[in-house]
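> I have a structure I would like to understand better, so I am pasting it below and will then ask my questions one at a time.
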Amino acid sequence: MDIARTIYAFLIDGVETLLIAAAIFLVIYAFLLRPFNVDGQSMYPNFHNGEYVITNLVGFEDFKIYHASFGTLKLGDVVVFVAPPDPTKDYIKRVIGVAGDKVMLKNGDVYLNGKLLDESAFLSSDIKTYQGAFLTEGQVVTVPANSYFVLGDNRPESSDSRTWGFVPKENIVGKSMLVYWPLDRMRLINNPL
């Protein structure tokens, strides 16, 4: 009898532990942090195809836990969002303009609010940013309220705001915080600006 009771107690404790762990995982996954896979070359060389990033969801989901600085995006932040051209996909890009900013492309360079944008902290000086279907050479666009202008770091290989326009705030899934896989490339994602 004592052996049966011991086994029963052990099994009940094991099931309780698994249920608690699963509940904690679900809360974190649904409301706080979520992994995303970098698929493609649009953010190369700063992010590689096949890397996995942890993205902070706090302040970006419909269910908002905090309305503090967690939900504020700035120039240079790397974000994951529902792709405007294909809502079944998530894209990862860098924020180049926030509401009220004026963006222009001229001679392969990005101008923000009339000044040449210094992207040397995350782009090689030989990278040029040319026009797309939405933003053409010399055209100035103003980022509307509750929207962002985003670009991939690998400008020749990126489908971004130059092609399909602004990203509405409601499309933002979250701000990327950490590359966690593969382990040899694990690193924090810091805003270089």
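The values are calculated or read from the model by the stated rules, or taken from the named source; none is laboratory data. Please read these numbers as outputs of a predicted model, since none were measured by experiment. Please note: Cβ atoms are built from the backbone with ideal geometry, for glycine as well, and neighbour counts cover all protein chains shown. These area figures cover heavy atoms from the full protein model, side chains too; ligands, DNA and RNA do not enter into them. Shrake-Rupley method; radii C 1.70, N 1.55, O 1.52, S 1.80 Å.
> Can you name the condition, by its number, that Y29 falls short on among (1) at pLDDT below 95; (2) buried (at least 16 other Cβ atoms within 10 Å of the Cβ)?
It is condition (2) that Y29 fails.
> Hey, any hits in region 45-62 for a residue that's of a type outside the set (F, W, Y), modelled with pLDDT under 90, at positive phi and open to solvent by less than 60 Å² (accessible area, probe 1.4 Å)?
Yes; the residues of region 45-62 include at least one that is of a type outside the set (F, W, Y), modelled with pLDDT under 90, at positive phi and open to solvent by less than 60 Å² (accessible area, probe 1.4 Å).
> Right, another one. Being open to solvent by less than 50 Å² (accessible area, probe 1.4 Å) and either modelled with pLDDT under 95 or farther than 13 Å from V82 by Cα (or both) is the filter here; which residues of region 148-158 pass it?
Within region 148-158, F149, L151, G152, D153, N154, R155, S158 meet the criteria.
> Further, regarding this structure: Looking only at region 146-163, how many residues end up being of a type in the set (A, V, I, L, M) and over 12 Å from Q131 (Cα atoms)?
Count: 1.
> Could I ask something else about it? Would you point out the residue of region 159-193, among those that are open to solvent by less than 30 Å² (accessible area, probe 1.4 Å) and among the small types (G, A, S), that is nearest to G50 (Cα to Cα)?
Applying the filter and picking the extreme gives S176.
> A follow-up question, please. Can you find, within region 97-107, the residue that is farthest from V78 (Cα to Cα) among those that are open to solvent by less than 40 Å² (accessible area, probe 1.4 Å) and in contact with a helix residue (DSSP H, G or I) (Cβ under 9 Å, 6 or more places away or on another chain)?
L105
> Quick one: in region 73-89, which of the residues that are over 13 Å from E170 (Cα atoms) and open to solvent by 40 Å² or more (accessible area, probe 1.4 Å) is modelled with the lowest pLDDT?
Looking at the filtered set, the residue picked out is P85.
> How about region 76-193: which strands (runs of 3 or more DSSP E) wholly inside it have at least 1 residues that are aromatic (F, W, Y) and farther than 23 Å from P45 by Cβ?
Here the list reads 109-112.
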